[in-house]
Amino acid sequence: MRKQLAMRGSMVAATALIVWAGSARAQPPEAMTYAAISTPIIACDTHDQVAEIVQAIKDGNLKEKLTELAAIRDDKGEPACIYSPLATVVFGDSEHVGRIEDHDRGIDAWICRVGNSNREFYLLWGEEVEETPA
């Protein structure tokens with residue numbers, strides 16, 4: 001990932017978790033849609049790394065997983081995963097991974113393939129879901 005998008009600390013990410021999409025847009029943007037993401041979001045070099053983040057949320061060890069993945073460097077010396085706002089990216093396909101539980105809230109999550117003029121990478125997109133009374 002780009003150096004200017006350095007991880008802002010796994011403690012912040014673990015506390016804030018992920019800044020999820022606004023309620024007006026539960027699903028990620030459609031493929032070939034350009035968007036800037038002004039709030040911090042988790043982005044990683046590979047789909048598998050984001051899948052590891054999803055599993056870490058389920059297992060309750062997000063802080064440890066983010067620390068581990070932030071320590072992995074690519075061939076440019078940049079971290080494999082970041083927690084940061086993103087400049088304009090174009091969305092590709094998105095994989096719905098379903099509902100995950102985080103700190104007593106339900107999150108409907110997707111792994112999205114995105115890219116910019118420098119590279120292709122993946123991000124975790126989600127929307128907090130309201131419980132409906134039975």
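The values are calculated or read from the model by the stated rules, or taken from the named source; none is laboratory data. Computed from a predicted model, the values in this text were never measured in an experiment. When we count neighbours, we look across all protein chains shown, and the Cβ atoms used for this are built from the backbone with ideal geometry, even at glycine.
Things to note:
- Candidate set from segment 21-44 (those that are modelled with pLDDT under 50 and surrounded by fewer than 20 Cβ atoms within 10 Å (Cβ to Cβ)); member that is nearest to ARG113 (Cα to Cα): GLY22
- Test: residue in segment 72-79 that is in contact with a Lys or Arg (Cβ under 6 Å, 6 or more places away or on another chain), part of a helix (DSSP H, G or I) and either over 13 Å from LEU123 (Cα atoms) or not hydrophobic (A, V, I, L, M, F, W, C) (or both): no
- Residues in segment 59-84 that are under 20 Å from GLU128 (Cβ atoms) and loosely packed, with under 14 Cβ neighbours inside 10 Å: ASP59, GLY60.
- Each residue in segment 93-134 was checked for being in a strand (DSSP E or B) and within 19 Å of ASP45 (Cβ to Cβ), and 17 pass.
- Cβ pairs under 8 Å, 6+ apart, first in segment 99-114 and modelled with pLDDT of 90 or more, second in a strand (DSSP E or B) and hydroxyl-bearing (Ser, Thr, Tyr): TRP110/SER94; ILE111/SER94; ILE111/TYR122; CYS112/SER94; CYS112/TYR122; ARG113/SER94; ARG113/TYR122; VAL114/TYR122
- Which numbered condition ILE107 misses (of (1) surrounded by fewer than 18 Cβ atoms within 10 Å (Cβ to Cβ); (2) aliphatic (A, V, I, L, M); (3) under 13 Å from the mean Cα position of the chain (by Cα)): (1)
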